[in-house]
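One structure is given here, and the rest of the page talks about it.
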Amino acid sequence: MPQDISVGETTYQASDVVKHMVCKNAWNDQVASFLRQEVIHRMAAESKLSLSDEELQRAVDAFRKENALYMAKDAQAWLDENGLGLEDLEHFVETSALEGKLLGSIPEEALNDYWSEIKHGYDQLRLSVIEVESEPLLNELAQQIEDEEEEFAELALQHSKDDSAGRGGALGWVPRGSLSEEVGTKLWAAEVGQTVKEAAALRLYLLEEKKPAERNEEVDYELRQALLTAAVSEALGAVDDTSEDDDE
């Protein structure tokens, strides 16, 4: 159980710490974290996924190493100090291992369906940008580039207030999904060497290269994470709604 905290000669009650967390809006985050853990355990049980004794021991050992509890007596002292038993610790540390098994259990068909929905967000665009302070200047620079009066990089050095100005506006490779849907669509439809304006942000983009999205192990892991997060969020929907009502 939560212990009182001593600082010098002053002791603070654990209940006061909880009140502080509530006032700092941290309480709901901790409750959500706890409930997420329990949902992971429930989903694993429903999917008939569990850890072997060896897997659980590896998870406990990793926790002890992370918290510098190298000796068994140190681990036991930590448990006693925090009012916990070994079963409490095992329940906590097995969450990430069970989450890994849930990720691995997501069927390939679900990954393929989700990929077909969001793959355009993984398209890659190599861009440069100029960001200015007024729309008239934005239009003027766009016209100069269109008329080939000035080089994009030179105008970026002279006028852009974006952090990339010193590099001639070069942003490098940018995922299409990191841009607004409108700008991303326009840039993907543009020809290499063309510019696209984002009037609302007073930005002018130069398309230098583009390549379609590709799936790999890293992307597949992100897809699995997104699908599992969505499933957990759905299970926690009632809690989220309650939290929003409290915030209002």
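Given Leu79, Leu103, Leu84, Leu89, which one is of a type outside the set (Gly, Ala, Ser) and at pLDDT 95 or above?
Leu103
Is it the case that Ala153 is surrounded by fewer than 19 Cβ atoms within 10 Å (Cβ to Cβ), at pLDDT 95 or above, touching a helix residue (DSSP H, G or I) at 6+ places or on another chain (Cβ under 7 Å) and under 15 Å from Gln194 (Cα atoms)?
no
Could you grab the pairs with beta carbons closer than 6 Å, sequence gap of 6+ or different chains, first residue in region 109-128 and in the same structural domain as Glu222 (by TED's automatic domain parsing) and buried (at least 17 other Cβ atoms within 10 Å of the Cβ), second one at pLDDT below 95 and not in a strand (DSSP E or B)?
none
Return the residue satisfying two criteria in turn: it lies in region 116-150 and is among the small types (Gly, Ala, Ser) and within 20 Å of Val192 (Cβ to Cβ), and of such residues it is nearest to the chain's Cα centre (by Cα).
Ser128
Inspect region 25-43 for any residue being assigned to a loop (DSSP other than H, G, I, E, B), of a type in the set (Lys, Arg) and closer than 16 Å to Gly100 by Cβ and give the result as yes or no.
No, there is no match, as no residue in region 25-43 is assigned to a loop (DSSP other than H, G, I, E, B), of a type in the set (Lys, Arg) and closer than 16 Å to Gly100 by Cβ.
The values are calculated or read from the model by the stated rules, or taken from the named source; none is laboratory data. Since the model is a prediction, treat every value here as computed from it, not as a measurement. Note: ideal-geometry Cβ built from the backbone for every residue, glycine included; neighbour counts use all protein chains shown.
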